[in-house]
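Chemist: Encoded as structure tokens, here's the structure I'll be asking about.
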Amino acid sequence: MSITQQYLLDSYRARLHGEPGPPAPGRHDLGLLREVRDRRRFRAVIAGRPAHGRLRRALTHRLRSLARRARPRAL
């Protein structure tokens with residue numbers, strides 16, 4: 001059963017019982033992503049790491065190390 005079918009079935013059952021319908025699928029996705037991001041930032045701060053910019057810094061470090069390896073060495 002797909003998410004849409006389950007949503008329609010739940011909506012139908014809620015209407016039969018006079019209850020409010022369930023939220024539409026995907027309605028709270030952005031809020032969930034924000035909570036995950038905030039939790040990761042909080043854990044980083046507690047662990048003593050920078051709270052943001054870690055991915056960019058790691059990629060920059062990796063690219064610079066690869067560029068150093070690719071340079072030809074003088075004999």
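Chemist: Just checking, which of Thr4, Thr60 is in contact (Cβ under 8 Å) with a residue 12 or more places away in the chain and polar (S, T, N, Q)?
Modeler: On the way: Thr60 fails: in contact (Cβ under 8 Å) with a residue 12 or more places away in the chain.
Residue meeting the stated conditions: Thr4.
Chemist: Residue by residue through the range 25-43, note down the ones that are under 13 Å from the mean Cα position of the chain (by Cα) and farther than 21 Å from Leu9 by Cβ.
Modeler: Matches in the range 25-43: Leu30, Gly31, Leu32, Leu33, Arg34, Glu35, Val36, Arg37, Asp38, Arg39, Arg40, Arg41.
Chemist: Test of understanding: among Ala67, Ala44, Ala51, which residue is surrounded by fewer than 11 Cβ atoms within 10 Å (Cβ to Cβ) and of a type outside the set (D, E, K, R)? Can you show your working first?
Modeler: Details: Ala44 fails: surrounded by fewer than 11 Cβ atoms within 10 Å (Cβ to Cβ); Ala51 fails: surrounded by fewer than 11 Cβ atoms within 10 Å (Cβ to Cβ).
Checking each option against the conditions leaves just Ala67.
Chemist: Name, by its number, the condition in (1) under 30 Å from Thr4 (Cα atoms); (2) in contact with a helix residue (DSSP H, G or I) (Cβ under 6 Å, 6 or more places away or on another chain) that does not hold for Leu30.
Modeler: Going through (1) under 30 Å from Thr4 (Cα atoms); (2) in contact with a helix residue (DSSP H, G or I) (Cβ under 6 Å, 6 or more places away or on another chain) one by one, Leu30 breaks only (2).
All of the numbers you see were taken from the coordinates with simple rules; none came from a lab. Computed from a predicted structure; not experimentally measured. Because the Cβ atoms are built from the backbone with ideal geometry, glycine has one as well, and the counts that use them run over all protein chains shown.
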